[in-house]
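Here the structure comes first, spelled out in structure tokens, and everything after it is commentary.
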Amino acid sequence: MVSIKFLRYIILFLVGIFLLGLTACSYSFSGASVPSHLKTISIPIFSDKSGSGEFDLNQKLTKQLIQKFINDNTLLVSDRVNSNALLEGTVTALSDAPTVVSGGEKVTTRRITISVRVVYKDLVKKQQIFDRNFSNYGDYTVGGDITTVRKQAIDKAIERITEDILLGVVSNW
């Protein structure tokens, strides 16, 4: 028969192992990859080499990205002259392709995919932190006011890709 004292030791041991496991697995994204000497970032208007002809795409994407950085507050957005870091980007592609085809080969849903190349530079140490490609999408249903739903899909793709870029900068995701 096992004594109560022995069971207490076993339970305490297991609880200790569990707590040790919890502390070993905890992490935070907040400022995880932003070097401590970087406080400000400049984000000039991205160029658009997608060839999509989508009016204002690069300005909308840049504006959304700047707003994400302002809301995040890990790095303060500043002009190039006063910045410690620089985030430059190029819209490399915008595709619009069918994603759902119903009976009779009728396209019911389409997907807008935006791809962007982003270069993140440390202006203090004069080195490149990363040069990465990001891609994300927004879907829309075919039918009705195609202009409005397509625009909403582009906005969704911009929302997603700017979130990815922010996470790439502040958490090395």
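The values are calculated or read from the model by the stated rules, or taken from the named source; none is laboratory data. Every value quoted in this text rests on a predicted model; they were computed, and no experiment measured them. All Cβ positions, glycine included, derive from the backbone under ideal geometry; neighbour counts span all protein chains shown.
What residue, of Gln64, Gln59, is farther than 10 Å from Ile43 by Cβ, polar (S, T, N, Q) and in contact (Cβ under 8 Å) with a residue 24 or more places away in the chain? Reasoning before the result, please.
Numbers: Gln59 fails: in contact (Cβ under 8 Å) with a residue 24 or more places away in the chain.
The match here is Gln64.
Looking at the structure I just gave you, is Thr74 touching a residue at least 24 places away in the same chain (Cβ under 8 Å), under 20 Å from Ile161 (Cβ atoms), β-branched (Val, Ile, Thr) and in a loop (DSSP other than H, G, I, E, B)?
So Thr74 passes the test.
For the stretch 140-156, check the following and say yes or no: at least one residue is within 21 Å of Thr99 (Cβ to Cβ), under 15 Å from the mean Cα position of the chain (by Cα) and either assigned to a helix (DSSP H, G or I) or acidic (Asp, Glu) (or both). Spell out how you get there, then give the answer.
Restricting attention to the stretch 140-156, the residues satisfying the condition of being within 21 Å of Thr99 (Cβ to Cβ) are 140-156.
Checking the rest, the ones that are also under 15 Å from the mean Cα position of the chain (by Cα) come to 155-156.
Restricting the remaining residues to those that are either assigned to a helix (DSSP H, G or I) or acidic (Asp, Glu) (or both) gives 155-156.
Within the stretch 140-156 (the criterion being within 21 Å of Thr99 (Cβ to Cβ), under 15 Å from the mean Cα position of the chain (by Cα) and either assigned to a helix (DSSP H, G or I) or acidic (Asp, Glu) (or both)), the answer is yes, since at least one residue qualifies.
The rows are residues; the columns are (1) under 25 Å from Leu166 (Cβ atoms); (2) of a type in the set (Gly, Ala, Ser); (3) modelled with pLDDT of 95 or more.
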site: Ser78; (1), (2), (3): yes, yes, yes
site: Gly89; (1), (2), (3): yes, yes, yes
site: Ala93; (1), (2), (3): yes, yes, yes
site: Pro98; (1), (2), (3): no, no, no
site: Val101; (1), (2), (3): no, no, no
site: Thr108; (1), (2), (3): no, no, no
site: Ile114; (1), (2), (3): yes, no, yes
site: Val119; (1), (2), (3): yes, no, yes
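Just wondering, is there one or more residues in the stretch 19-35 that are of a type outside the set (A, V, I, L, M), surrounded by 12 or more Cβ atoms within 10 Å (Cβ to Cβ) and at pLDDT 60 or above? Before you say what the answer is, go through the steps one by one.
Narrowing the stretch 19-35 to residues of a type outside the set (A, V, I, L, M): 21, 23, 25-31, 33, 35.
Add one more test, that the residue is surrounded by 12 or more Cβ atoms within 10 Å (Cβ to Cβ), and what stays is 29, 31, 33, 35.
Among the residues that remain, those that are also at pLDDT 60 or above are: 33, 35.
Yes, the stretch 19-35 has at least one match.
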